[in-house]
Amino acid sequence: MSAEQQSLDGLEEEARRALAEVTTLPALADVRARFLGKKSALSGVLRGIGRLEGADRARVGEQANLVKERIEALVSARRDELGRGERERALSETRLDVTLPGLRAPRGGLHPITRIERDVVAFFTGLGFGVEEGPEVETQWHNFEALNMPPDHPARDMQATFFVDGGHVLRTHTSPVQIRTMSGRTPPFRFIAPGRVYRCDRSPRHSPMFHQVECFMVDENVSFADLKGILYAFQRHMMGADVELRFRSSYFPFTEPSAELDYRCLICRGAGCATCSQSGWIEAGGCGMIHPVVLEHCGIDPERWQGFAFGMTLDRAAMLRWGIPNIHLLFDGDVRVLEQI
Ligand code: DAH
């Protein structure tokens, strides 16, 4: 038996002993590196083979590879053993009580404004209205001029405006979508346009960002009676069949004649309470017959076509429907509020 053979046999024995003492997978990796790694005696023997004479070279090479295979097999058998042991320990340490009640996953819900908006869209699409959108950063022309509010018009002061740059504002209402939708279209048509609007205003009832829906319809024989009929049906849909409405004459630059629509306060039934500021009535929105100048700005002949328009705030409807006392509760993202809705 040659010296190499003896030392090779010895290596296998040594590895077997070392592996028997190993109790963890990291320690096993260390032992493997010691016997089979680049710096191991076995790798040294394999590297030296090239320097041996022909017959020795074949014999030692065969022996060394055999020992290498055997040690690999020992390592892998020990790895299986240790792995099995760790799995058994993990299983015996953790117990699963299948009789415990399950954990209920928290369920999300739609935001109150989204629900109101969908309700509005469902009502009007049912009547054949299309749904349009416009940009929230709007040109002053669409937000004011085209709606019959030239630069020096006092009505501009009614809407505390956020100015973006010389030509642009954050839209103060959804009415500019009327202009974008009507321009280049030939009547008859009817649309609604829900969306966010912005005004520099903050109080328990006012938020600098809130939501409106615009509604408008143009045809050859549209009259104020059509406006009233649709608004009555709409408010009954939103507020309940027994809602009581009144029209108050009003002024908007983009409608003539103009009116505001109120409904009898649903909380005090008209007796007067904090929600309706003791008046017994709550404003539902502004409306009127589209001003001929607005139609002209959109390239529509006011001699032939007439239309009505209506705009309302969605946030107010949400506050009333769910008894939310402060508009900011809608946007603070407090899930305790949203969970109650
Ligand atoms: N744009 C108006 C506002 O925000 C609301 C409004 C009034 C819209 C009358 C209309 C309308 O379409 O006809 O104050």
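The values are calculated or read from the model by the stated rules, or taken from the named source; none is laboratory data. These numbers come from a predicted model, not from an experiment. The accessibility values were calculated without ligands, DNA or RNA, using every heavy atom of the protein model including side chains. Shrake-Rupley method; radii C 1.70, N 1.55, O 1.52, S 1.80 Å.
Laid out as a table, the results:
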{"item": "Fraction of antiparallel bridges per DSSP, the chain only, in percent to nearest 5", "result": "95 percent"}
{"item": "Cα-derived Rg over Rh, computed across the stretch 224-290 with Rh taken as Kirkwood radius", "result": "1.00"}
{"item": "Helix-only [θ]222 nm of the chain, DSSP H runs n ≥ 4, -39500 (n - 2.57) each, per residue, nearest 500", "result": "-13000 deg cm²/dmol"}
{"item": "Relative counts (whole %) of C-alpha pair distances in the stretch 3-93, using bins that are 10 Å wide", "result": "16, 43, 24, 12, 4, 1"}
{"item": "Per residue accessible area in Å² of the chain, where ligands, DNA and RNA are left out and the probe is 1.4 Å", "result": "56 Å²"}
{"item": "Overall form of the stretch 162-289 per C-alpha gyration tensor (a/c, 1.5; a/b vs b/c)", "result": "oblate"}
{"item": "Percent carbon-and-sulfur accessible area, the stretch 243-296, ignoring ligands, DNA and RNA, probe 1.4 Å", "result": "50 percent"}
{"item": "For the chain, fraction of C-alpha pairs farther apart than 24 Å, in %", "result": "69 percent"}
{"item": "Max mean-square fluctuation residue, GNM over the chain, Cα-Cα springs under 10 Å, options Leu227, Leu25, Leu314", "result": "Leu25"}
{"item": "For the stretch 269-323, radius of gyration divided by Kirkwood radius, i.e. Rg to Rh on alpha-carbons", "result": "1.23"}
